[in-house]
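The values are calculated or read from the model by the stated rules, or taken from the named source; none is laboratory data. For clarity, every value in this text was computed on a predicted model and none was experimentally measured. FYI the Cβ positions are ideal-geometry reconstructions off the backbone, even for glycines, and counts take in every protein chain you see. We work out accessible area using only protein heavy atoms, side chains counted, and drop any ligands, DNA or RNA first. Shrake-Rupley method; radii C 1.70, N 1.55, O 1.52, S 1.80 Å.
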Amino acid sequence: MTFVSSLEADPEVGRDGRPSATATELLQGAPVALGGPRGLGVTRTLPNRQRRMVGAWCFLDAYGPHDLTGTAGMRIGPHPHLGLQTVSWLVAGEILHRDSLGSRREVRPGQLNLMTAGRGIAHSEETPRAHGGVLHGVQLWVALPNADRDVPPAFAHHADLPVVADRGLTATVLMGELAGAASPARCYTPLVGAEITLAAGAGALLPLRPDFEYAVLALDGAPTVDGVPLKPGPLLYLGDGRSSLRFETGSAARALLLGGEPFEERIVMWWNFVARDHDEMVEARADWTAGARFGDVHGYDGDPMPAPPLPSTRLLPRGRVR
Ligand code: MN
């Protein structure tokens, strides 16, 4: 069920026109080719040199819009995940997901594909044979907290997500809760992920939680967020302590809002895994190489991804800020 409610931001509570309580940081992304040098080009803004996480969000790849004419599109063969959730969200196009639980599901704009890896799962993602010609979206990971990181693997597709709207701003809540609207998607820590669309000339205050830290990524157009003009590419880190956030735009624009309670556990991230120490990574890598634990993905026309070699030094747990 989709519902629409007014944001009713309280101008007394909002900080419109006043200086930020928290300094903003513009985090530059790194260009990465998924699946090798000829693979799909993405811009990775999490983990970042300065900031590894925003809430429990620990990975953010943005891609496109890519014209798929004459290309194979997305071709990400079977690979394992551990200790995290994957969030697939599209602005344009479609992706076909298959996993070792037997799930086979296309995701399209406005829909969420959420895979909870827990103690281990494998999946593939590809451009389906019948496709619209343009691919534009984001792939995110959410770190699972220690108490829940061994949950059984699960996959969910959510086609009806709550929407809040006010003064030309429309927020679709993918994960967590925003302005009183809660996504049905299963979360394991207090967080939010929302797509913000802005009509031409929009200017609105979005109510936030002061106990969350937040960041915004422009997906389309040139939105101004907290007075900072954004374009697709870098991630604007906004810190915590805010009760509202101002979005403005001239032309129509689109952005991704991420937030959450600061994630205080130290984690190790390597390849497609989130764990707590080096030895867990050694074990996970060995299990994938041996065909154990993660299961098999059926129906993908290609080979599973081999695990890269582990670094020669021991991986160290890191906090959310480097
Ligand atoms: Mn994956």
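Please report, as a whole percent, how much of the solvent-accessible surface of the chain comes from carbon and sulfur atoms (probe radius 1.4 Å). Mind dumping the intermediate values first?
Values: 6780 of 13630 Å².
Accessible surface attributable to carbon and sulfur in the chain totals 50 percent.
Out of all DSSP beta bridges with both ends in the chain, state the antiparallel percent to the nearest 5.
Working: 96 of 100 bridges.
Among the beta bridges of the chain, antiparallel pairing accounts for roughly 95 percent.
Ordered by residue, what ³J(HN,Hα) values in Hz, to whole numbers, does the stretch 180-191 give under the Karplus form 6.51 cos²θ - 1.76 cosθ + 1.60, where θ = phi - 60° and Gly and Pro are x?
Whole-Hz 3J(HN,Hα) from phi for the stretch 180-191: x, 9, 10, 6, x, 5, 6, 10, 10, 9, x, 7.
Can you list, largest first and rounded to whole Å, the semi-axes you get for the stretch 140-188 by taking the square root of 5 times each eigenvalue of its Cα gyration tensor?
Numbers: eigenvalues 138, 28, 14 Å².
One finds semi-axes of 26, 12, 8 Å for the stretch 140-188.
Viscosity 0.890 mPa s, temperature 25 °C: give me the Stokes-Einstein translational D for the chain in µm²/s, with Rh taken as the Kirkwood radius over C-alpha pairs. Don't skip to the end; give the middle numbers.
Working: Rh = 20.0 Å.
Answer, rounded: 123 µm²/s.
Using only alpha carbon positions, build the gyration tensor of the stretch 146-245, then give the equivalent ellipsoid semi-axes as the square roots of 5 times its eigenvalues, largest first, whole angstrom. If you can, show how the numbers build up before the last one.
On the way: eigenvalues 129, 51, 37 Å².
Those come to 25, 16, 14 Å.
If R0 is 22 Å, what FRET efficiency do you get for Ala222 and Glu25 from their C-beta distance, rounded to 0.05? Could the numbers behind the result be given before it?
Numbers: r = 19 Å, r/R0 = 0.87.
Step by step, r from the Cβ atoms, then E = 0.70.
Compute the longest continuous run of the chain that contains no exposed GluC sites (Glu not before Pro); treat a site as exposed when its DSSP state is not H, G, I, E or B and it has at most 13 other Cβ atoms within 10 Å.
Values: sites that count: Glu8, Glu12, Glu264.
The answer is 13-263.
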